Amino acid sequence: MAMESQARPAHPIRRGRRAVATAAATAVVTAAVLAAPHAAAQAVSADPWVSEVADNPISDVYRFTVPRAAVTEATGIGSGPVAVQGNFGPGKAWTDLNMGTSGSDLTATLGPLEPGLYYYQYAARPAADQDAVAFRNPAVPQEVTSKPTYSTMFVPGPGAEWLDDVDGGGELETIEYGKGPKHKKEALVWTPPGYDADRADEYPVLYLLQDEGQSYREWVELGRLGQIMDNLTLDGDAEPMVVVMGDAGTPGPAGVTKELLPAVERAFNVSDKGSDRAIAGIGRGGEAALSAVVDKPREFAGVGSFSAGYDKPISRGKATQINHSTDVVRVYAGNVTDPAYDDTVALADRLTKAGVRFQSDGSDPETGGTWDTWQKNLHDFAGRIFQDVDDEGPSEGHLPFVKHELPPAGTTPTPWIDENSVVTFELGTEFADANNITVWGNFGPAGSWPRTHMVQQADGSWRLSLAVEGGSYYYKFVVDGVDHKDAGNPTKVLSEPTWSTFTADGDTVRAQYTAEVPPEARGEVSVMSYTSTAGGGTQRSAYVWTPPDYDADRAEEYPVFYLQHGGGQTWTDWVEVGYVQRILDNHYLRGTMEPMVVVMANGNGVDFPTEITTRIVPAAEEQFNISSEGDQRALAGLSMGSGHTLSTLWAHPGEFGYIGAMSAFGAPPATADVNAINEGTKLLRVYSGDQQDFTYGATLQLIAAMESRGVNHEFAPIVPGPHSWDVWQKSLIDFLPRLFTEDTGA
């Protein structure tokens, strides 16, 4: 731990107010930003190519390992990009995670994954501009009937208990139905725990229909119907019922009412009364369910529409019959990324105008047209039928169905971000002939970088909508393997001209600290010039943040924080990508950091300890009202910048009293004066991502070396994520309240 030290005399009013606020906030920020997620049980997967990362400080991080020879055997492709494709994106969107080479294997690491069901496949391309060939591990059984290359993985844990296996559940069996051998169809039937074929009281029955392009078996394979119904029934949250998953491959309700119902009623102890029947479906199956109720209102007492529309007229007479015969008409949809969202809005409007009484579950803000949404729909609907339910309103947090409209292309900056943090990217018709366009950004778990495919529109343009968590993001378009900047986004990144950035509102800590504060509460970001040691009197630039009430003539000099970028970056990155100015503004507005000046200089291509002590610091002290005292100086950096920071500490102990190293590496040299380092350093705090951060091992070596040499330090809780701005922003949010205060403890 850093040694205790005497605090410098402070301004009697401001220092006292801020010190109290800072001390109180440090623990809160640390807990919110750096706390590790839950420790969940091992994911359930039949695929031995997937394993939880061993000895990782963060749980639920998984590594996909595919032998290159297996790729060639499965696809005939001997080289070219290979990806894991699955519902790993924001809002469980389908996305690609490119695999890297590790010896004779290809690997990709991802997580932490939130509890729930994941479905995925592997895909190889001969080249970036050619079609992908999907495959699965051939050593495992096929898991998804209609999508033979899919595999599944269930991550248990808090929030997903209702999807988990449970002892004493119901049973599944298959029956045939239909007229004549040429028209035979199959249905999957779930019977509840304790099902009694001879029970005097016949069971109510729920019929479920799938969407076009789906198999009726997907209700079990991807919808986890068995687990959902087992948990609902055993917990007493649903009436014991029989659930039938029929083949809705033929449009219209006739196959259900004329063929499926009689077959089920002959084979199972279920009621033939309309008051004991319910029907629901996804997409075209939802439309068929609605049609069945409109055509014969007395056949079903409950109907559920999952991501579905209905464009047929409903007369007032039919509406009256439906209202008289049905107990539950409930409409569901995902967020605006659900392809059926507009159809659902139109359906709700049609039902209202026709006078049909219905319940709206509203728009699920978390997920779109995915099985993650329909799992929740089924859970809600099955708990409402065949029993009295007091609350007919939408699920908690769901939004009303409101028509979603985007600005005309080319009229506003992109991406478009709505009030619910749904981000829409767009590319024009100049890439109409492209084969494969993705948005590559830090949208994955813990800030990882998946590539999410854009969808080509009728006019040849491309579009993608994602429901992201609040925070700051950076992204680029990849068109047939070639990087392109979003020309509609005015933001710029000096060190990487194809990247663009944006922020989205939300309730995450990172979102709160990267949101803009009111203009009057913002500090000023200016550019400082200085003469570098880099040959020939080179002039370099640094960004400098000063607090909103900065006083160049104040008698008490301000403490100063020197903050460094990483390799491949430059002096602008902390502002252009890291949004440090907003983090500083928010901390200052909250009173959770000391008034200070922050200097972000160029650390590339120089002997940094010499550069900062002889060039950067003197220039800053000449141009700003800052202290020259070591205990009023801080120095921190990320990756390469952490190496610069630590090498300066070893060479110049006491020059900077507060030291921060993010994604750090290095070790105290044999010549380091450990006593001087400990005496002159109030705080030395080290941060790291988990094993996805490629410097993680080097950081552990650094910690071991400092412990061996007796260097006082703090090792912050591991931040979930790779070598990324998400990790470094969270580290900085935690570090700032610890600077220039009496209380620097973890």
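The values are calculated or read from the model by the stated rules, or taken from the named source; none is laboratory data. All values derive from a computational prediction rather than experimental measurement. No Cβ is skipped: glycine too gets one built from the backbone with ideal geometry, and neighbour counts run over all protein chains shown. We work out accessible area using only protein heavy atoms, side chains counted, and drop any ligands, DNA or RNA first. Shrake-Rupley method; radii C 1.70, N 1.55, O 1.52, S 1.80 Å.
Here's a check for you: in region 138-183, which residue that is among the small types (Gly, Ala, Ser) and closer than 25 Å to residue 49 by Cα is most open to solvent (accessible area, probe 1.4 Å)?
Checked region 138-183; the qualifying residue most open to solvent (accessible area, probe 1.4 Å) is 139.
Residues in region 290-326 that are closer than 12 Å to residue 275 by Cα and among the acidic types (Asp, Glu): how many?
1
Taking region 371-400, which residues are open to solvent by less than 20 Å² (accessible area, probe 1.4 Å) and either out of contact with any strand residue (DSSP E or B) (no Cβ under 8 Å at 6 or more places or on another chain) or among the aliphatic types (A, V, I, L, M) (or both)?
Correct list: 378, 382, 383, 385.
How many residues does region 436-467 hold that are over 25 Å from residue 694 (Cβ atoms) and touching a Ser or Thr at 6+ places or on another chain (Cβ under 8 Å)?
Of the residues in that region, 10 qualify.
Filter region 64-84 down to the residues that are in a strand (DSSP E or B) and open to solvent by less than 20 Å² (accessible area, probe 1.4 Å), then identify the one that is farthest from residue 448 (Cα to Cα).
66
Answer yes or no: is there a residue in region 629-636 that is in a loop (DSSP other than H, G, I, E, B), open to solvent by 10 Å² or more (accessible area, probe 1.4 Å), on the phi < 0 side of the Ramachandran plot and of a type outside the set (Asp, Glu).
Checked region 629-636: no residue is in a loop (DSSP other than H, G, I, E, B), open to solvent by 10 Å² or more (accessible area, probe 1.4 Å), on the phi < 0 side of the Ramachandran plot and of a type outside the set (Asp, Glu).
Within the group 369, 428, 393, which residue is under 13 Å from residue 337 (Cβ atoms), touching a Ser or Thr at 6+ places or on another chain (Cβ under 9 Å) and either in contact (Cβ under 8 Å) with a residue 60 or more places away in the chain or not polar (S, T, N, Q) (or both)?
Sole residue among the options that is under 13 Å from residue 337 (Cβ atoms), touching a Ser or Thr at 6+ places or on another chain (Cβ under 9 Å) and either in contact (Cβ under 8 Å) with a residue 60 or more places away in the chain or not polar (S, T, N, Q) (or both): 369.
Looking at residue 63 and the list (1) under 30 Å from residue 512 (Cβ atoms); (2) modelled with pLDDT of 95 or more, which single condition is not satisfied?
(1)
Which of the residues belonging to region 651-666 are open to solvent by less than 50 Å² (accessible area, probe 1.4 Å) and either in a loop (DSSP other than H, G, I, E, B) or over 22 Å from residue 638 (Cβ atoms) (or both)?
653, 654, 656, 657, 663, 664, 666
Please pick out the residue among 580, 575 that is under 24 Å from residue 694 (Cα atoms) and surrounded by fewer than 22 Cβ atoms within 10 Å (Cβ to Cβ).
Answer to the check: 575.
Filter the helices (runs of 4 or more DSSP H) completely within region 232-343 down to those with at least 1 residues that are among the hydroxyl-bearing types (Ser, Thr, Tyr).
Filter on region 232-343 gives 284-295, 316-325.
Can you find a residue in region 458-468 that is on the phi > 0 side of the Ramachandran plot and not basic (Lys, Arg)?
Yes, some residue in region 458-468 is on the phi > 0 side of the Ramachandran plot and not basic (Lys, Arg).
Going by the structure shown, is residue 492 loosely packed, with under 13 Cβ neighbours inside 10 Å and in contact (Cβ under 8 Å) with a residue 40 or more places away in the chain?
No: the conditions fail for residue 492.
Let me spell it out: the conditions are (1) surrounded by fewer than 23 Cβ atoms within 10 Å (Cβ to Cβ); (2) closer than 23 Å to residue 214 by Cβ, and residue 274 meets all of them except one. Which number is the exception?
(2)
Please name all residue pairs, on different chains or six or more residues apart, with Cβ atoms under 7 Å, provided the first residue is in region 347-358 and is in contact (Cβ under 8 Å) with a residue 60 or more places away in the chain and the second residue is among the aromatic types (Phe, Trp, Tyr).
none
Which is within 40 Å of the chain's Cα centre (by Cα), among the β-branched types (Val, Ile, Thr), open to solvent by less than 20 Å² (accessible area, probe 1.4 Å) and within 25 Å of residue 538 (Cα to Cα), of 597, 686, 606?
From the options 597, 686, 606, the qualifying one is 597.
Within region 707-746, track down each residue that is part of a helix (DSSP H, G or I), among the charged types (D, E, K, R) and under 31 Å from the mean Cα position of the chain (by Cα).
Within region 707-746, 726, 730, 734, 738 qualify.
Filtering region 236-253 down to residues that are within 15 Å of residue 280 (Cα to Cα) and either among the hydrophobic types (A, V, I, L, M, F, W, C) or at pLDDT 95 or above (or both), which residue is surrounded by the fewest Cβ atoms within 10 Å (Cβ to Cβ)?
242
Looking at this structure, is residue 172 at pLDDT 95 or above and in contact with a Lys or Arg (Cβ under 6 Å, 6 or more places away or on another chain)?
Here the answer is no, as residue 172 does not meet what is asked.
Only one of (1) open to solvent by 30 Å² or more (accessible area, probe 1.4 Å); (2) in contact (Cβ under 8 Å) with a residue 24 or more places away in the chain; (3) not acidic (Asp, Glu) fails for residue 671. Which number is that?
The number of the failed condition is (2).
Restricting attention to region 495-507, and to residues there that are over 16 Å from residue 438 (Cα atoms) and open to solvent by 30 Å² or more (accessible area, probe 1.4 Å), which single residue is modelled with the lowest pLDDT?
Here the residue is 507.
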